[in-house]
There are 2 protein chains.
Amino acid sequence: MDNAIAIQGIKGSFHHIAAQQYFGNAVALIECLSFDSVVSQLLNKHVDAVVIALENSIAGSIIPNYALIDNNDLYIIGERYLDIQHHLMAMPGQGIQDIQEVYSHPMALLQCKAFFKKHPHIKLIEDKDTAEVAQRIQNGQLKGVAAIASQLAADLFELEILANSIQTIKHNETRFVIVQREKPDFTEAKIDKASLKFELDHKRGSLAAILNVMSDCQLNLTKIQSLPKIETPWKYAFFVDVTFDNYSNFKKARSILEIMAEDFKILGQYKHTK
Amino acid sequence: MDNAIAIQGIKGSFHHIAAQQYFGNAVALIECLSFDSVVSQLLNKHVDAVVIALENSIAGSIIPNYALIDNNDLYIIGERYLDIQHHLMAMPGQGIQDIQEVYSHPMALLQCKAFFKKHPHIKLIEDKDTAEVAQRIQNGQLKGVAAIASQLAADLFELEILANSIQTIKHNETRFVIVQREKPDFTEAKIDKASLKFELDHKRGSLAAILNVMSDCQLNLTKIQSLPKIETPWKYAFFVDVTFDNYSNFKKARSILEIMAEDFKILGQYKHTK
């Protein structure tokens, strides 16, 4: 049986691209309209894994998605980085002067604001999902309407790209993680990255002490983010990613950190892709 | 002359409350519809200071606002923490059963989704600003329509609160900073917190070395956030807040960190409020 995978958004979305890169095309794709419902699909065992955006280079960490993974004790088994490029697309045979309306997600419209300032005849209308608009245009054979979506959406729904990479900030790298319900069996030699969470008191040098252990054990830090625990003043949670050449070094660090930090938790272990 | 201050949103917004707490009421308030225009007001010298949300306990750091401060070389001179409470409000004399429509910012609607599930007769409509809807209801004497906004908005626009604290996550603490064009003169004894930015190579232990210096100089870390520099792989920027009892300790740390870290920059020095 093929794996079943849930993604946020529909086919042609950036989550679909990330899923495709990780799993190939031999998976059944469940399309969800929110991250909450993606995770529900996983918890209810309707799917074997899900793909979730975790951070991007414009907005930083997507904290609510970290919380979904952490609170539900899910496990990260892989990651993919995508360079998010938004294209303007419509039914073939039209020029940009033929387009009267563009429907897209508010965030995509915002990211392409500068482009549309140069095309004031186009009315911008907020919609739920970027790729879903592309699908609707093809299903309804709609003329005069364009979508802002991925190259994959243009391919899947047979639309013509009228303008490439119309987002204002040309580089928007987004990190997606592949998440399962539980820690899978794995070959230690294939693992070179881990996502960790721990808590520390507001005590001078407590984070420095933790990072010293990581450094002594040859771990490289690729991400760190503190988050105050508002219900417990002066206590902080930290989300940290580390890479390593040798799994035994990670194991050594882990056994020390479990003693030094409170609520030390491994959110996932996997092969890094960047 | 009174100070002129620009805020995101209108009177009655949470930015207004933060401005009021810091400056009192003797300031001229310039209402802006985006963070970009808030900063433009400052750069064009139309105002003396601005108030900007920088992080909150649900979503984490607001990275684009960090970028606005950093890229424009602005200076943080103070901070305020607010507990964000959303109330449902309408023209006096109505009950919740009289309300047919609620207009608010998409984020506020999202945060109050669970409440409105219990009141399915109410239609939710996205709008630009939370407080502006409250103002519009009063100006138009609109019946059957409610806003989701702050206590201050209810007071200013003479609306009646139909339901208190209707957001799903009851604690949403938001940190606002007060920002000027340049570093002001200050009395060192009154400063006990600083916001720093620096860059490091992806070298094992480089962050640990920096944190060791901070710890040795008696600085407490209250926030740390890494941000990959996507144009320079393996290079990271760090946003760090530190508190200290003695300004001379901070000065000592600063002189060492300026040598150890690349592009070491002080984003602001001020008195902490939490």
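Being over 22 Å from B:Tyr75 (Cα atoms), surrounded by fewer than 18 Cβ atoms within 10 Å (Cβ to Cβ), within 14 Å of chain A (Cβ to nearest Cβ) and not hydrophobic (A, V, I, L, M, F, W, C): is that true of B:His272 here? Reasoning before the result, please.
Working: over 22 Å from B:Tyr75 (Cα atoms): no; surrounded by fewer than 18 Cβ atoms within 10 Å (Cβ to Cβ): yes; within 14 Å of chain A (Cβ to nearest Cβ): yes; not hydrophobic (A, V, I, L, M, F, W, C): yes.
Considered against the rule, which asks whether it is over 22 Å from B:Tyr75 (Cα atoms), surrounded by fewer than 18 Cβ atoms within 10 Å (Cβ to Cβ), within 14 Å of chain A (Cβ to nearest Cβ) and not hydrophobic (A, V, I, L, M, F, W, C), B:His272 comes out as no.
Considering only segment A:136-176, how many residues are within 14 Å of chain B (Cβ to nearest Cβ), of a type outside the set (Ser, Thr, Tyr) and assigned to a strand (DSSP E or B)? Walk me through it before giving the result.
Here is the first cut: in segment A:136-176, the residues within 14 Å of chain B (Cβ to nearest Cβ) are A:167-175.
With of a type outside the set (Ser, Thr, Tyr) added as a condition, the list becomes A:167, A:169-173, A:175.
Cutting the leftovers down to assigned to a strand (DSSP E or B) gives us A:173, A:175.
Total meeting the criteria: 2.
For segment B:201-230, enumerate the residues that are more than 7 Å from chain A (Cβ to nearest Cβ) and in a loop (DSSP other than H, G, I, E, B).
Correct list: B:Lys203, B:Cys217, B:Leu219, B:Lys229.
The conditions are (1) buried (at least 16 other Cβ atoms within 10 Å of the Cβ); (2) within 14 Å of chain A (Cβ to nearest Cβ), and B:Met107 fails exactly one of them. Which is it?
(1)
Condition check: part of a strand (DSSP E or B) and exposed (fewer than 15 other Cβ atoms within 10 Å of the Cβ). Does B:Asp245 satisfy that?
Details: part of a strand (DSSP E or B): no; exposed (fewer than 15 other Cβ atoms within 10 Å of the Cβ): yes.
In short, no.
Are there strands (runs of 3 or more DSSP E) fully within segment A:34-123 with at least 3 residues that are modelled with pLDDT under 90 and farther than 25 Å from B:Asp127 by Cα? List them.
Numbers: elements: A:49-56, A:75-83, A:87-90, A:101-104.
Result: empty, no element qualifies.
Of B:Leu207, B:Leu221, B:Leu227, which residue is modelled with pLDDT under 95, farther than 30 Å from B:Val38 by Cα and not assigned by TED's automatic domain parsing to the domain that holds B:Gly24?
Values: B:Leu221 fails: farther than 30 Å from B:Val38 by Cα; B:Leu227 fails: farther than 30 Å from B:Val38 by Cα.
The conditions single out B:Leu207.
Considering every residue within segment A:189-199, establish whether at least one is among the small types (Gly, Ala, Ser), at positive phi and either in contact with a helix residue (DSSP H, G or I) (Cβ under 7 Å, 6 or more places away or on another chain) or surrounded by fewer than 22 Cβ atoms within 10 Å (Cβ to Cβ) (or both).
Filtering segment A:189-199 down to residues among the small types (Gly, Ala, Ser) leaves A:189, A:194-195.
Next, from what is left, pick out any that are at positive phi: none.
The answer is no; no qualifying residue exists.
The values are calculated or read from the model by the stated rules, or taken from the named source; none is laboratory data. This structure is a prediction, so every number in the text was calculated from the model and none was measured. Glycine also receives a Cβ, built like all others from the backbone with ideal geometry; neighbour counts cover every protein chain displayed.
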